[in-house]
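Undergrad: Quick one: this structure, given as structure tokens, is what I'll be asking you about.
The values are calculated or read from the model by the stated rules, or taken from the named source; none is laboratory data. Source: prediction; values computed, not measured. Note: ideal-geometry Cβ built from the backbone for every residue, glycine included; neighbour counts use all protein chains shown. In case anyone asks, the SASA skips ligands and DNA or RNA and just uses the protein heavy atoms, side chains included. Shrake-Rupley method; radii C 1.70, N 1.55, O 1.52, S 1.80 Å.
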Amino acid sequence: QVQLVESGGGLVQAGGSLRLSCVASGSILGINSAGWHRQAPGKQREMVAVITRYGTTTNYADSVKGRFTISRDNAKNTVYLQMNSLKPEDTGVYYCNGSIRIPGKLWPVDSWGQGTQVTVSP
């Protein structure tokens with residue numbers, strides 16, 4: 001069974017940093033495009049950052065540009081999100097999403113992790 005597992009969330013003061021990781025487990029060939037999304041209490045889930053298969057192209061929500069960096073290590077089937085200069089409004093559950101290539105399947109499978117909580121205190 002293919003899974004995306006996030007880690008690295010926690011409680012941090014405003015101005016601090018966190019690094020989130022997302023590892024794909026199970027029998028996979030690799031991850032195509034991937035991204036991080038977040039959902040704050042009472043709000044809809046929103047895209048935070050996305051990255052293409054080889055990391056050549058990234059895209060960020062305007063609210064995190066210049067503070068967050070998405071990256072990946074394809075050898076480890078892992079996607080990262082480095083979050084600096086965190087603000088209270090960055091608080092939410094952060095989800096990893098990936099288009100995963102699976103043996104025996106013609107098309108990649110869109111998968112989501114269970115989420116990791118990020119809380120930024122004032």
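Undergrad: A49 passes all but one of (1) assigned to a loop (DSSP other than H, G, I, E, B); (2) open to solvent by less than 20 Å² (accessible area, probe 1.4 Å); (3) of a type outside the set (S, T, Y); which number fails?
TA: A49 satisfies all of (1) assigned to a loop (DSSP other than H, G, I, E, B); (2) open to solvent by less than 20 Å² (accessible area, probe 1.4 Å); (3) of a type outside the set (S, T, Y) except (1).
Undergrad: Which one is modelled with the highest pLDDT, of the residues in segment 89-122 that are small (G, A, S), assigned to a loop (DSSP other than H, G, I, E, B) and open to solvent by 20 Å² or more (accessible area, probe 1.4 Å)?
TA: Once the filter is applied, the top-ranked residue is G115.
Undergrad: List every residue pair whose Cβ atoms sit under 7 Å apart, with the two residues 6 or more apart in sequence or on different chains, where the first one lies in segment 26-52 and is on the phi > 0 side of the Ramachandran plot and the second, anywhere, is open to solvent by less than 50 Å² (accessible area, probe 1.4 Å).
TA: G26/V2; G30/N77
Undergrad: Quick check: anything in segment 14-28 charged (D, E, K, R) and either within 25 Å of W107 (Cβ to Cβ) or open to solvent by 60 Å² or more (accessible area, probe 1.4 Å) (or both)?
TA: Within segment 14-28, one or more residues are charged (D, E, K, R) and either within 25 Å of W107 (Cβ to Cβ) or open to solvent by 60 Å² or more (accessible area, probe 1.4 Å) (or both).
Undergrad: Given the conditions (1) open to solvent by less than 40 Å² (accessible area, probe 1.4 Å); (2) assigned to a strand (DSSP E or B), which single one is not true for L86?
TA: Here L86 clears every test but (2).
Undergrad: Now a separate question. Would a scan of segment 29-38 turn up a residue that is of a type in the set (K, R) and either assigned to a loop (DSSP other than H, G, I, E, B) or open to solvent by 30 Å² or more (accessible area, probe 1.4 Å) (or both)? Give the derivation first.
TA: Start the filter on segment 29-38 by keeping residues that are of a type in the set (K, R), which leaves 38.
Still in the list and also either assigned to a loop (DSSP other than H, G, I, E, B) or open to solvent by 30 Å² or more (accessible area, probe 1.4 Å) (or both): none.
No, every residue in segment 29-38 fails to be of a type in the set (K, R) and either assigned to a loop (DSSP other than H, G, I, E, B) or open to solvent by 30 Å² or more (accessible area, probe 1.4 Å) (or both).
Undergrad: On to the next question. Look at L29 and say whether it is more than 19 Å from T116 (Cα to Cα) and aliphatic (A, V, I, L, M). Spell out the reasoning first.
TA: Values: more than 19 Å from T116 (Cα to Cα): yes; aliphatic (A, V, I, L, M): yes.
In short, yes.
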